[in-house]
Amino acid sequence: MITGGTGSFGHKFIRMTLDRYNPRKVIVFSRDEMKQWEMAKLYEGDDRVRFFIGDVRDRDRLYRALDGVDYVVHAAATKIVPTAEYNPFECIKTNVNGAMNVIDAAIDKGVKGVVALSTDKASSPINLYGATKLTSDKLFVAANAYSGEHGTKFSVVRYGNVMGSRGSVIPFFESIKDRGVLPITDERMTRFMITLEQGVELVWHAFEDMIGGEIYVKKIPSMSVVDLAKALAPECKLEVVGIRPGEKLHEQMIGEEDAHYTYEYPEHYKILPVINDWSTSPERIKDGVQVAQDFIYRSDNNADWMTKDELVTWVDANRDYIGKI
């Protein structure tokens, strides 16, 4: 089952998972009936895909939906930063209370594994959305101590804005470039660049690798927002409009405070839990190499950068779905 399954990640995850693993059943759990109606048309005649109207705030509905479910991907969230700032009670109900409901229901219904989606904004948060997602991360990590004899494993995957997803900067710039001016919050701003496919593959890896309590961070390239705008619309002028409330100049996925518990692998990092001596667990560390004590994984100090040509090539290859899912 995937909560928030009609979102950008859910669309890609379901298609890729059906193609690779051919599961007996995938349940799309979300609260928007119109998005489910539209998504169901894509899978008409495919008995593997089921749709379940529900809200992660509703614990009883989660218990019903999780009957017979082996694995859960928790993607449901209130995630628009200004929306969370102006509606804090609602953000907490979904991102914090909803996380607790998913944890309780998964343990009680005997789910084998849960992977929760996090965000760069949960690392050293400066806005409410980030604070609620940090809280959610902590809840899912600690849930491994609650599952006991039920044996449910919980882990987290963390990444930034997904390239081309609804609400992200690429479809936004594409939609307004005919005006001749693109708004830039700050000329120094940088962002991580991850594709939906990479996000899905990180979730798959977490299910295969986790012992419980790990936070997985994908190694991905960075790009300056100025270069991004010039790549998408070289003919446009750039207008600096200033950073919005709660917005960071650079994205951060691993802070210096996490470095002592962070291990590096060929394609990702793994932040181990600080509780119960799990951070020194050989079965969690495996073949990882501990990062330097002052290590910070932020979009401006990244060793890997995406070029304008690489972005243009990606946009041309993915234009059919940019901003549509």
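Just so it is clear, none of the values below were taken in a lab; they were calculated from the coordinates. Computed from a predicted structure; not experimentally measured. Using ideal geometry, Cβ is built from the backbone for each residue, glycine included, and neighbour counts are taken over all protein chains shown.
For the pair GLU44 and ALA145, label points projected 7 Å from Cα toward Cβ lie 5.2 nm apart. A DSSP coil position with no more than 16 other Cβ atoms inside 10 Å describes the following GluC sites (Glu not before Pro) in the range 13-66: GLU44.
Calculated mean residue ellipticity, 222 nm, the chain: -10500 deg cm²/dmol, from DSSP H runs (n ≥ 4) at -39500 (n - 2.57) each, averaged per residue and rounded to 500. With springs only between Cα atoms under 10 Å apart, run a GNM on the chain and tell me which of ARG20, ARG57, ARG284 wobbles the most. With Cα springs under 10 Å in the chain, the top fluctuation among ARG20, ARG57, ARG284 is at ARG20. Residues LYS138, LYS121, ranked from the fewest to the most other C-beta atoms within 10 Å, line up as LYS138, LYS121.
Return the single residue from LEU238, LEU228, LEU117 with maximal mean-square fluctuation; model: Gaussian network over the chain, springs between Cα atoms under 10 Å. It is LEU238. Rounded to the nearest 20, the size of the Cβ-charge dipole of the range 50-95 about its Cα centre is 40 debye, with Lys and Arg at +1 and Asp and Glu at -1. Annotated for the range 1-117: lysine pairs at least 8 residues apart or interchain, Cα distance under 20 Å, count 10. Modelled spin-label separation between ASP300 and ALA317, with each label point placed 7 Å from Cα along the Cα-to-Cβ direction: 3.1 nm.
At a Förster distance of 22 Å, what's the computed FRET efficiency of ILE53 paired with LYS93, Cβ-Cβ distance as r, to 0.05?
Between ILE53 and LYS93 the formula returns 0.80.
Here the chain carries DSSP beta bridges of which approximately 35% are antiparallel, counting only pairs with both residues inside.
Within the straight-line cut-off of under 20 Å between alpha carbons, the lysines reachable from LYS177 are LYS230, LYS237, LYS308, LYS324, sequence neighbours fewer than 8 places apart in one chain being disregarded. The stretch between TYR86 and TYR265 holds 60.5 nm of extra length on full extension. This uses 0.36 nm per residue minus the Cα-Cα distance. Only the Cβ atoms of Lys and Arg (+1) and of Asp and Glu (-1) were treated as charged; on that basis the dipole of the chain about its Cα centre amounts to roughly 720 debye.
In the range 134-284, taking the dipole from charged Cβ atoms about the Cα centre, the farthest positive-side position among ASN144, VAL181, MET163 is held by VAL181.
Set the Förster radius R0 to 25 Å, insert the Cβ-Cβ distance between ASP108 and ARG15 as r into 1/(1 + (r/R0)^6), and round the FRET efficiency to 0.05. Present the calculation step by step, with values, prior to reporting the outcome.
Values: r = 30 Å, r/R0 = 1.21.
In this case the efficiency is close to 0.25.
Remark: relative contact order (the range 3-57) = 41 percent; criterion is Cα-Cα distance under 8 angstrom and separation of 6 or more residues. Simple spin-label estimate for SER281 and GLU239 gives 5.2 nm between the two label positions (7 Å along the Cα-to-Cβ direction from each Cα).
The slack between ASP67 and GLN293, meaning 0.36 nm per residue of separation minus the straight C-alpha distance, is 76.9 nm. Which residue, ASP294, ASP258, ASP304, has the most motion in a Gaussian network model of the chain that connects Cα atoms within less than 10 Å? Judging by the Gaussian network model, the answer is ASP294.
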